[in-house]
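I have placed the structure first, in the form of structure tokens, so that the comments after it can refer back to it.
What follows is calculated from the coordinates using simple rules that are stated; it is not laboratory data. Owing to the predicted nature of the structure, the values given are computational and were not obtained by experimental measurement. Don't worry about glycine lacking a Cβ; one is built from the backbone with ideal geometry, like all the others, and counts go over all protein chains shown.
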Amino acid sequence: MIQKKLYRALENIASKHFKTEKELLTEILEELINDPRTDILGGRVWQLNSVDRSYKLYFQCGKVQKIPKEFEVKLDDYPIFSQITEERTVLASETNETLISKGIFKYSASGVGIKVRVNGHKYYEYLIALNSNEIGKDLRYTLNIVATVLTSKLHERKIAQSQLHLIADLDKAKELQRSILPEHEYRFHNYDIFGVTIPAEIIGGDFYDYLKIGEEEDRLGIVVGDAASKGIAAAAEAMYISGAVRMASTFQMKISPMMNRLNQLINKIFSDDKFATIFYGELSNDKKGLFLYANAGHNPPLFYSKYKNKFSYLQPTGPLIGPAPNSKYETDSINFYNGDILVIYTDGVVESANHKYEFYEEKRLEKIIKKNVDKTPKEIVALILDDVLRFSTSESQYVDDKTIVVIKRKDR
């Protein structure tokens with residue numbers, strides 16, 4: 001299941017009104033188990049008891065053998081609890097005899113909520129554990145997304161309950177965000193580029209940038225990102241990430257190490273309910289049009305080969321940025337030839353909805369591009385935005401920031 005779609009599905013469920021935290025946690029877990037697109041058989045939520053220095057069984061559901069109610073495991077008996085604090089999600093072999101007797105030989109657990117200090121060490125207030133036929137990388141990524149959604153919603157509840165309100169100078173924030181965005185139009189050797197971002201609110205979490213690399217500026221980095229949520233928090237994250245990528249580009253790091261380091265920074269700096277998707281690519285003056293890129297859970301950019309008259313998608317080469325510090329990102333490549341077009345976009349474009357709650361989707365985007373392959377990037381961006389706005393409606397319950405960057409090779 002695509003990570004961003006899983007996040008969106010869980011967020012929609014978690015956005016409903018729940019009287020208690022337990023209702024929220026229970027419904028998310030049950031929906032996850034019942035979703036045929038996942039391979040989750042059952043799960044449990046454990047709650048930290050700082051007085052007893054233990055995690056106590058909060059609730060359990062699914063097709064798994066039931067653990068006795070009020071069952072608890074001591075913090076001192078599970079050193080891996082400290083590892084969860086550092087890495088967010090762990091996959092390990094079970095050592096508790098009672099749990100082993102219930103057929104639990106391996107487990108996957110992720111921290112949820114705030115971190116509480118107990119005798120000098122920090123532990124998550126909740127742990128969520130899932131049972132699956134496959135205990136591996138995919139389950140780890142799934143748990144990271146579940147934990148991110150739940151942590152975000154628990155955080156929102158705590159803010160609402162304590163009546164904390166953030167007062168910000170929106171005009172200054174808007175000007176600050178504008179200052180980090182590049183000029184729309186850019187030319188690099190045989191490439192014409194045009195980008196634009198339209199926030200859903202006064203400020204937003206989308207961003208893009210053009211980065212000159214090397215003393216001779218013989219390479220150009222292009223980054224498009226989408227920070228989770230909306231408004232001030234997303235804008236702050238977007239500005240930090242944009243600045244971090246710009247700084248990293250000055251060190252001329254290779255793409256994969258740069259993405260790995262960026263992920264570690266985001267995980268360390270921001271709270272557990274924050275993440276982003278990022279697409280980063282580099283152009284050069286290579287005659288064969290080499291374009292190196294990494295895609296961190298971002299919407300797959302759409303590449304049109306004029307010679308082949310064919311579309312292809314630049315799929316993710318790694319997970320979302322932020323949820324887990326040890327995620328890895330690979331580098332892939334394509335080749336631009338004369339007339340080829342790459343459209344990088346955020347989900348606010350393809351997930352715009354009309355009055356029938358139908359999404360715009362990638363097929364409509366393909367039609368606009370194919371119909372206008374001979375136009376400039378600026379014209380293509382304008383035509384896409386016009387079509388999206390005509391298709392969508394302000395009555396839609398979900399409106400997201402929209403960012404589009406179009407790159408076109410034109411041999412002169």
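Compared with the dominant Cα axis of the chain, that is its longest principal axis, helix 361-371 is turned about 10°. Once you've got the Cα coordinates, tell me which of Lys22/Lys69; Lys287/Lys402; Lys63/Lys153; Lys16/Lys106; Lys370/Lys410; Lys254/Lys402 are over 21 Å apart. Beyond 21 Å: Lys287/Lys402; Lys63/Lys153; Lys16/Lys106; Lys254/Lys402.
Placing unit charges on the Cβ atoms of the charged side chains and taking the dipole of segment 172-409 about its Cα centre, the candidate lying farthest along the positive direction among Gly204, Phe291, Met247 is Phe291. Residue by residue, segment 23-30 carries 3J(HN,Hα) couplings of 4, 4, 5, 5, 5, 4, 5, 5 Hz when phi is fed to the Karplus relation 6.51 cos²θ - 1.76 cosθ + 1.60 (θ = phi - 60°); x denotes Gly or Pro.
The alpha-carbon of Lys274 sits under 19 angstrom from the alpha-carbons of these aspartates and glutamates, leaving out residues fewer than 8 places away in its chain: Glu11, Glu86, Glu87, Glu125, Glu156, Glu201, Asp206, Asp226, Glu237, Asp347, Asp400, Asp401.
Residues whose amide H falls under 5 Å from that of Glu94, counting only those 5 or more places apart or on a different chain, are Lys106, Tyr107, with hydrogens built in the peptide plane.
Below 8 Å between Cα atoms, with a sequence gap of 6+, how large is the relative contact order for the chain in percent? So the answer I get is 13 percent. May I ask for the net charge around Leu57, where only other residues with Cβ less than 14 Å from the Cβ of Leu57 are counted and Lys, Arg are +1 while Asp, Glu are -1? Residues close to Leu57 contribute a combined charge of +4. What do you get for the angle between helix 255-269 and the principal long axis of the chain? Use alpha-carbon atoms, 0 to 90 degrees, nearest ten. So the inclination is approximately 50 degrees. Remark: segment 172-409 carries a charge dipole of roughly 500 debye about the Cα centre, counting +1 on each Lys and Arg Cβ and -1 on each Asp and Glu Cβ. The C-alpha atoms of the chain define a longest principal axis, and helix 231-250 lies at about 60 degrees to it. Under a Gaussian network description of the chain, with springs only between Cα atoms under 10 Å, the residue in Arg364, Arg88, Arg140 that fluctuates furthest is Arg364. The order of Phe336, Phe303, Phe59, going from fewest to most other C-beta atoms within 10 Å of their C-beta, is Phe59, Phe303, Phe336. Of the residues Phe71, Phe279, the one with the fewest other Cβ atoms within 10 Å heads the list, and the complete ranking is Phe71, Phe279.
Can you compute the helix-only [θ] at 222 nm over the chain? Use -39500 (n - 2.57) per DSSP H run of at least 4 residues, normalise by all residues, nearest 500 deg cm²/dmol.
-10500 deg cm²/dmol
GNM on the chain, alpha-carbon springs under 10 angstrom: the most fluctuating residue among Ile33, Ile100, Ile213 is Ile100.
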